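Data first, discussion second: the structure below is written as structure tokens.
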Amino acid sequence: MKKLHATSQTILSVLRQSGGDISGEDLCRDLKISRAAVWKHIQSLRELGYAIGSATHRGYRLTAAPNLPLPWEIEGHLETARLGREIEYCAVAESTNPLAIEAAKNQAAEGFCVVADQQKQGRGRLRRPWFSPPSRNLYLSVVLRPPIAPLALPQISLIAALALTRACKDWLPESADIRVKWPNDVFVNQGKVAGILCESASETDRVHYAVVGIGVNLNLKREDLPGEIADTATSLQIVGGSEVDRPRFAANLLNHLEPMYFAWCRDGLADFLPELEEMSLMRDRQVDVETVSGRRSGIAVGITEDGGLRLRNPQNDHEEVVYCGDISLTPVD
Ligand code: BTN
């Protein structure tokens, strides 16, 4: 989607700041444009979902903004230096990850984001689909260029998951039980609320780019959840009971992620381990991990400085570390 026209943007800010009626005449005079031009800009804002009332003799009034992750709405809440400073918005995308990968290959700057209202082919890990209906959630992919060894790349998912827990905390009541499920999911009250799909390109000793794709169930209602995920997924609205402001959530997530990401690039994962362990869904529980080399089982006793999951065999206290895989809690008989 093209950027919002600068004049439409100005009209939007003027309407927002005034909080009341602004006459068409005042807008024409201040912006040095014709009445017809003002009308055209008002119409294009309405087409985007802004509710703008107009009454003869009183003028225009903004009564509601759409709950869409529009770039200028996100930017209004951003406190970052790099992340989200350039955002491409798509009303409908196949998936935001390939769009961000394409941009990364074309030299997009670190922090460039692609955001969509809806994804037709939302991608999850392990080639699973990611439920991506319109008007509800956040689908965001951010381009990063970490100056780290490619081997350390999987740790990015842990950093993003931790940033997500902080962003969720800002929206949920104290009583909500927010957890990271190693290596890259966020759970709230035992339901999956967010997932991360990191795709990257590197050579032996250098990362070209990493695209961190983040999906968050924000305003799904129970009845929106399709059968396949009805028992395992949840949303911030289901847990918190109120509608989440999508652009504000997106900005807040990037505000959390940026300082964590730069600290991790500089100092590694060690400083984040206490928080990761405190937030862990699996900690001290018996788990199974499906890895490429087969199934591993044990008690999840912690995370290593290089992002691996420590599994202890309760029979002989032997410990092993796994670095990637699909993890599940072992049901207790
Ligand atoms: C998972 O838990 O399996 C990862 C889900 C990742 C979903 C996000 S939504 C934004 C980005 N675009 C995609 O197609 N996938 C990621």
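The values are calculated or read from the model by the stated rules, or taken from the named source; none is laboratory data. All values reported here derive from a predicted model rather than from experimental measurement. As a convention, Cβ positions derive from the backbone with ideal geometry for all residues, glycine included, and neighbour counts pool all protein chains shown. Ligands, DNA and RNA are excluded from the accessible area calculation, which covers all protein heavy atoms including side chains. Shrake-Rupley method; radii C 1.70, N 1.55, O 1.52, S 1.80 Å.
Overview of results
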| quantity | calculated |
| --- | --- |
| Search result, residues across region 232-250 that are more than 16 Å from the ligand (Cβ to nearest atom) and out of contact with any Phe, Trp or Tyr (no Cβ under 8 Å at 6 or more places or on another chain) | Gln237, Ile238, Val239, Gly241, Ser242, Glu243, Asp245, Arg248 |
| Ala167 vs. criteria aliphatic (A, V, I, L, M), in contact with a His (Cβ under 8 Å, 6 or more places away or on another chain), crowded, with 19+ Cβ neighbours inside 10 Å and under 24 Å from Cys265 (Cβ atoms) | yes |
| Selection count where residues are in contact with a Leu (Cβ under 7 Å, 6 or more places away or on another chain) and in a loop (DSSP other than H, G, I, E, B), scope region 131-162 | 2 |
| Filtered residue count, region 86-106, keeping only those that are open to solvent by 70 Å² or more (accessible area, probe 1.4 Å) and near the ligand (Cβ under 10 Å from one of its atoms) | 1 |
| Flag for Ala109 being at pLDDT 95 or above, within 16 Å of the ligand (Cβ to nearest atom) and closer than 22 Å to Leu253 by Cβ | no |
| Failed criterion for His318 (all others in (1) touching a Lys or Arg at 6+ places or on another chain (Cβ under 8 Å); (2) farther than 30 Å from Ser135 by Cβ; (3) touching a residue at least 12 places away in the same chain (Cβ under 8 Å) hold) | (3) |
| Contacts under 8 angstrom Cβ, first residue in region 4-21 being in a helix (DSSP H, G or I), partner of a type in the set (S, T, N, Q), 6 or more apart | Ser8/Ser44 |
| Members of region 112-123 found to be crowded, with 16+ Cβ neighbours inside 10 Å and within 8 Å of the ligand (Cβ to nearest atom), listed by number | Ala116, Gln119, Gly122, Arg123 |
| Count of residues meeting criterion [in a loop (DSSP other than H, G, I, E, B) and touching a Phe, Trp or Tyr at 6+ places or on another chain (Cβ under 8 Å)] in region 163-176 | 1 |
| Residues located in region 200-223, provided they are outside any loop (DSSP other than H, G, I, E, B) and either within 19 Å of Trp171 (Cβ to Cβ) or among the aromatic types (Phe, Trp, Tyr) (or both) | Tyr209, Ile214, Gly215, Val216, Arg222 |
| Of all residues in region 1-26 being modelled with pLDDT of 90 or more and touching a Ser or Thr at 6+ places or on another chain (Cβ under 9 Å), the one that is most open to solvent (accessible area, probe 1.4 Å) | His5 |
| Every residue from region 167-217 that is more than 15 Å from the chain's Cα centre (by Cα), aromatic (Phe, Trp, Tyr) and closer than 20 Å to Tyr139 by Cβ | Tyr209 |
| Hits in region 274-299 (condition: in contact with a Leu (Cβ under 8 Å, 6 or more places away or on another chain), of a type outside the set (Lys, Arg) and more than 21 Å from Thr232 (Cα to Cα)) | Glu275, Leu276, Ser297, Gly298, Ile299 |
| Close pairs (8 angstrom Cβ cut-off, 6 or more residues apart or separate chains): at negative phi in region 210-232, part of a helix (DSSP H, G or I) and open to solvent by 80 Å² or more (accessible area, probe 1.4 Å) anywhere | Ala230/Arg222 |
| Extreme residue, surrounded by the most Cβ atoms within 10 Å (Cβ to Cβ), among residues of region 188-227 that are β-branched (Val, Ile, Thr) and more than 16 Å from the ligand (Cβ to nearest atom) | Val207 |
| Number of the exception - Ile156 against (1) modelled with pLDDT of 95 or more; (2) out of contact with any helix residue (DSSP H, G or I) (no Cβ under 7 Å at 6 or more places or on another chain); (3) open to solvent by 60 Å² or more (accessible area, probe 1.4 Å) | (3) |
| Leading residue by the ranking (nearest to Ser328 (Cα to Cα)) among those in region 288-315 that are in contact with a strand residue (DSSP E or B) (Cβ under 8 Å, 6 or more places away or on another chain) and hydrophobic (A, V, I, L, M, F, W, C) | Val289 |
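Condition check ((1) among the polar types (S, T, N, Q); (2) surrounded by 15 or more Cβ atoms within 10 Å (Cβ to Cβ)) across all residues:
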{"position": "Lys32", "(1), (2)": "no, no"}
{"position": "Arg46", "(1), (2)": "no, no"}
{"position": "Gly53", "(1), (2)": "no, no"}
{"position": "Thr63", "(1), (2)": "yes, no"}
{"position": "Gly84", "(1), (2)": "no, yes"}
